[in-house]
Amino acid sequence: MIKNILNLGDAALYCDFGQDVNKETNSSVIKYFNKIQQLKIESINNITPSYNKLIISFDLKRIKYNELKNIIEKIKIDKEESFQKKIIEIPICCEKPYSLDFARLEKKLKLNKEQILKNFFDKKYFCYMTGFIAGMPFLGDLNENMRAQRLETPRVKVPKGSIGITEQFANIYTFESPGGWNIIGNTPIEVFDNSKEDKPNLINPGDTVIFKEISKEKYLNYEQ
Amino acid sequence: MSSNYFKVIRSGINSTFQDEGRSKLNHLGIPFSGAMDNRNYLLANKLVQNNLNNPVIEFAYQGPHLKYMGEKINIAITGDITFKIRSMTSEINGNCYETYEINNGDEIDILSTNKSVYGYLSLSGKLDVNYQWGSCSTNTKSNIGANNGKKLQDEQIIKISKINKDFIKKKVNYLNSKIEKIRVIKGTNFNYFSETAINNFFNKEFKVSKLSDRMGMRLEGPQLENINSTNIKSEGLIKGVIQVPGDGNPIIMLSDHGTIGGYPKIAVIISSDYDRLVQIPSGSKIKFQQVELLDAETLFKMYEMETQNLLNQI
């Protein structure tokens, strides 16, 4: 449930679902997202779900913050709703030059590279949301001892295909992009395909992702 | 049927096709994009009597040099731009906010934006570009939109269809006002920052870094001290949000911004000031002033009225 609504600037609602980041909170966010999409409110530009927030941006020519807030506050969510779920395997290479931040992570996490890799590949990951850049999945949860902060100064260019970790999450850079996550490897797979207008994202909220380590040789000869 | 086209002699620094942008896709990670300076975009289309949401060529700093081949056409350039129009027999310095007739073989050479960043070239016809998710806007970071998601390239051909043959000379008097202060509303993580940081944010100048582009504007100045946490749980963004990463240097999200971010939000640029914000060139100084939501709504109404007045004068 929405705990609190604030304004983010003059043309967006900031809906807060509480501090905890877990599948239950996230499912509630997704349900609101689906419901508001179904309502097709003309003045809404974008609805962006994340772990525990929903940002609703709107056209200030058509509606003001308080009017839209009243509409959103009145929305009732039906109790049971399921969303489609898939299991997706992503191959990644964690050798040089793809593993940009192992030195930094070893120091931060006080673990060696082998331990970091074992922890990382032993997990199944839940896709909480997609975004930042087109198709980028936010995947959780990393073990407690794998949680590092973002880089102090984000990189201007993170290579396409990079797998990054920060806090309890892993992600995949679907494009070369600025970004501040700790990079541990790279995948040869296309995670976002803009030629598919109806379903451009390989991984969607609710899906499960399994990472599989591959050698540099296999990476270089990978066929989609 | 005759074919009409521009040949790109020089593509310029960052020339792209833009329109109003694409909405309702943020949840997939696809940003709004669209023309950075919306008012100048609308004026460009109105001058050549196009639909206001037609594609235009947006350029930054140095624009393209184009050679036109085909039947007579009207063009207009908006912004604060130095450009020349060359024909077989003459060369003139063009004025912004005024239409010009262009004939077969004429050249348009957009030399530079004057103490600003973006300008717009419109023409009385339809640029023959591909659309994705209802918009032609090129997002070079995700390779989405017209021109296969790429900037204009030297030597490329830009086809033009559906030429509007109504050649009334149009003109509007408009001076892009240079800005003293950019107005903001407190962000959702305002209280993450120290008192000194807040004082610095509203009283000191920040310099626009040369690492700025359509995605974001990086600022250099007093580092803003965070007393809570330099990370938040990643959450949705909108254009105009000012994020402050751990190094204390603010980054303003612009039209091609990432849809999600995990750095604290100190403030948000108000809608009425966005067009003027994006026109501040790298190396220039910027200052912030705090306003309340109601003020921001009133200021936007005035901005909208002014835009409508200008459009009505054409």
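The values are calculated or read from the model by the stated rules, or taken from the named source; none is laboratory data. Since we're looking at a predicted model, the values are computed, not measured. We place every Cβ from the backbone using ideal geometry, glycine too, and count neighbours over all the protein chains shown. Remember, those area values only see protein heavy atoms, side chains included, never the ligands or the DNA or RNA. Shrake-Rupley method; radii C 1.70, N 1.55, O 1.52, S 1.80 Å.
The table for this structure:
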| quantity | calculated |
| --- | --- |
| Sole residue being over 26 Å from B:SER282 (Cβ atoms) and among the basic types (Lys, Arg), chosen from B:LYS181, B:LYS150, B:LYS170, B:LYS115 | B:LYS170 |
| Residue list for region B:260-289, restricted to those being modelled with pLDDT of 95 or more and facing chain A (nearest Cβ under 8 Å) | B:LYS265, B:VAL268, B:ILE269, B:ILE270, B:SER271 |
| Of residues in region B:140-173 being exposed (fewer than 15 other Cβ atoms within 10 Å of the Cβ) and touching a Gly at 6+ places or on another chain (Cβ under 7 Å), the one nearest to B:MET69 (Cα to Cα) | B:SER161 |
| Considering residues of region A:15-42 that are closer than 16 Å to A:GLU67 by Cβ and open to solvent by 10 Å² or more (accessible area, probe 1.4 Å) only, the residue farthest from the other protein chains (Cβ to nearest Cβ) | A:LEU39 |
| Qualifying position, being at pLDDT 95 or above and either within 11 Å of chain A (Cβ to nearest Cβ) or touching a strand residue (DSSP E or B) at 6+ places or on another chain (Cβ under 7 Å) (or both), among B:SER234, B:SER209 | B:SER209 |
| Residue list for region B:276-306, filter: surrounded by fewer than 17 Cβ atoms within 10 Å (Cβ to Cβ), assigned to a helix (DSSP H, G or I) and hydroxyl-bearing (Ser, Thr, Tyr) | B:THR298 |
| Cβ pairs under 8 Å, 6+ apart, first in region B:82-97 and at pLDDT 95 or above and among the acidic types (Asp, Glu), second in a strand (DSSP E or B) and open to solvent by less than 60 Å² (accessible area, probe 1.4 Å) | B:GLU91/B:LYS84; B:GLU91/B:ILE85 |
| Check on A:LYS69, touching a residue at least 60 places away in the same chain (Cβ under 8 Å), open to solvent by 20 Å² or more (accessible area, probe 1.4 Å) and either of a type in the set (Ser, Thr, Tyr) or on the phi < 0 side of the Ramachandran plot (or both) | yes |
| Criterion violated by B:HIS27 - all others in (1) modelled with pLDDT under 95; (2) surrounded by fewer than 23 Cβ atoms within 10 Å (Cβ to Cβ) satisfied | (2) |
| Residue check, B:ASP273 open to solvent by less than 40 Å² (accessible area, probe 1.4 Å) and over 20 Å from A:ASN7 (Cα atoms) | no |
| Test: residue in region A:174-183 that is more than 11 Å from every other protein chain (Cβ to nearest Cβ) and either crowded, with 19+ Cβ neighbours inside 10 Å or within 15 Å of A:PHE132 (Cα to Cα) (or both) | yes |
| Any hit, region A:115-126, residues being within 14 Å of chain B (Cβ to nearest Cβ), modelled with pLDDT under 95 and either in contact with a helix residue (DSSP H, G or I) (Cβ under 8 Å, 6 or more places away or on another chain) or over 21 Å from B:ILE232 (Cβ atoms) (or both) | no |
